[in-house]
1. If a residue must be under 30 Å from residue 200 (Cα atoms) and either in a loop (DSSP other than H, G, I, E, B) or among the hydroxyl-bearing types (Ser, Thr, Tyr) (or both), how many such residues does the range 44-61 contain?
2. If a residue has to be among the acidic types (Asp, Glu) and over 22 Å from residue 328 (Cβ atoms) to count, how many in the range 266-286 make the cut?
3. One residue is enough: does the range 209-219 have a residue meeting the conditions surrounded by fewer than 15 Cβ atoms within 10 Å (Cβ to Cβ) and either modelled with pLDDT under 85 or β-branched (Val, Ile, Thr) (or both)?
4. Can you name the residue in the range 245-261 that is acidic (Asp, Glu) and within 14 Å of residue 182 (Cβ to Cβ) and is also surrounded by the fewest Cβ atoms within 10 Å (Cβ to Cβ) among such residues?
5. Taking the condition closer than 17 Å to residue 59 by Cβ, among the acidic types (Asp, Glu) and assigned to a helix (DSSP H, G or I), does residue 254 pass?
6. Mind telling me which of the residues 229, 211, 193, 221 ends up being under 30 Å from residue 321 (Cα atoms), among the basic types (Lys, Arg) and out of contact with any Pro (no Cβ under 8 Å at 6 or more places or on another chain)?
7. Buried (at least 21 other Cβ atoms within 10 Å of the Cβ), more than 24 Å from residue 23 (Cβ to Cβ) and over 25 Å from the mean Cα position of the chain (by Cα), is that true of residue 291?
8. Going by the structure shown, is residue 39 buried (at least 20 other Cβ atoms within 10 Å of the Cβ), among the polar types (S, T, N, Q) and either in contact with a Phe, Trp or Tyr (Cβ under 7 Å, 6 or more places away or on another chain) or more than 24 Å from residue 395 (Cβ to Cβ) (or both)?
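The values are calculated or read from the model by the stated rules, or taken from the named source; none is laboratory data. Quick caveat: nothing in here was measured; it's all calculated off a predicted structure. Here the Cβ positions follow ideal geometry from the backbone for every residue, glycine too, while neighbour counts run over all protein chains shown.
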Amino acid sequence: MAKKNQPKTNDAFVFVHGMLGFGEDEALYKVMPYWGGTSGSVVKRMREEGYDVCAPSFSGISSAWDRACELYAALTGTRVDYGVAHSKKYGHARYGITYPQARVPDWGKTLPNGEKKKVHIIGHSFGGATVRMLSHLMAYGSEEERAATPEGELSPLFAGGHGDWIKSVTTIAGPFNGTTVIRAIGILVPTLKVIAFWGAASIAGNTPFRKIYDMQLTQWKITSDRYGKIHPTRINRLGRIKKFWTSHDDCFWDLCLAGAHELNEFFESNPDAYQFAISTDASKRKRNGNYKMKLSTFFAFQITGNMMGRYHYDDTMGQELGEEWKASDGCSNTVSALHPDDEPWVDYKDSKDNLQKGIWNVMPVYQGDHGEVVGLGVRGIYNPGHTRKFFKNHIAILENLD
């Protein structure tokens, strides 16, 4: 019996989680799927409809570079190679865990129908910077890594020339130009870092809990390999934690405005891939020019969003910010998630005839908070069809691309 909604494409769909997120390899995903949340797993539903789809697991707090290296290894079923130059610069190991199986085993290969196996990569929040990094490296590689790596040891990721392995890139609530939440919440940042770096990473990452949720910081020798044995002695490696904390090789730096500016200077649009950006907004303007979150916003994003709605000076860049930076979804600034400041973009038109590769198509702003857009919100409980329709509509756009 034929399946309903049989896919129109042989391409794979890869869902990339954001900061503090989790993928299918972690048990937490089975309880509360990151992609779909309270409305039901998007990945599971797509598989049932015949799509080739996955949601890989990798670090929730590492830098865009490290996460892209992990994502590449997850898709190819290989050992993570962070690069000779990069690992030396930041002082961590060159290699990470080995993924036991390829999520997209035939990626880049020619299929029986003569087409090349490609992927659509969809990133939420900091997953946006992660998929941009992967797309850039696949297209251009890294000149620094090519120069520093002994002959015969270079990871294919750093060689470049494979930009056409990626069919499309989609960012959802991904702050291209940084987010003010890192600075706006002030004293809460060190608290969040202690919970993430020491609690969720060092303690949980060296106990059986790592099977449930894994921060994956083996390159720093902070966590144990989820596929190997436990090293409980790593729990007290405070020196390693401090080194990682101050390295700028983490998501907290990449997400601030100065860190995002550095990433944007490095990134180049992949000329072989279609690019889509979906911004989000759950705020409203007050009479004094500040913004506050709507009552329907999840309580945690109520707090952070209201702080962002008053924030007007960024110390990482040393500049005043315009009022447009006060609107947010509680975590990503709406204006920042529209498109990169230094790459070409157009407003999306509902016709594939108008689409061009290498240019960001700015989609209509999604009205909802940072978690709700992927189903991690209250709306998914009383109106699960809303989230399902949102993803169904976007997947339909992607599978109809030439």
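1. 7
2. 2
3. no
4. Looking at residues that are acidic (Asp, Glu) and within 14 Å of residue 182 (Cβ to Cβ), I get 250.
5. Yes, satisfied.
6. Testing whether each residue is under 30 Å from residue 321 (Cα atoms), among the basic types (Lys, Arg) and out of contact with any Pro (no Cβ under 8 Å at 6 or more places or on another chain) leaves just 193.
7. yes
8. Spelling it out, it is not the case that residue 39 is buried (at least 20 other Cβ atoms within 10 Å of the Cβ), among the polar types (S, T, N, Q) and either in contact with a Phe, Trp or Tyr (Cβ under 7 Å, 6 or more places away or on another chain) or more than 24 Å from residue 395 (Cβ to Cβ) (or both).
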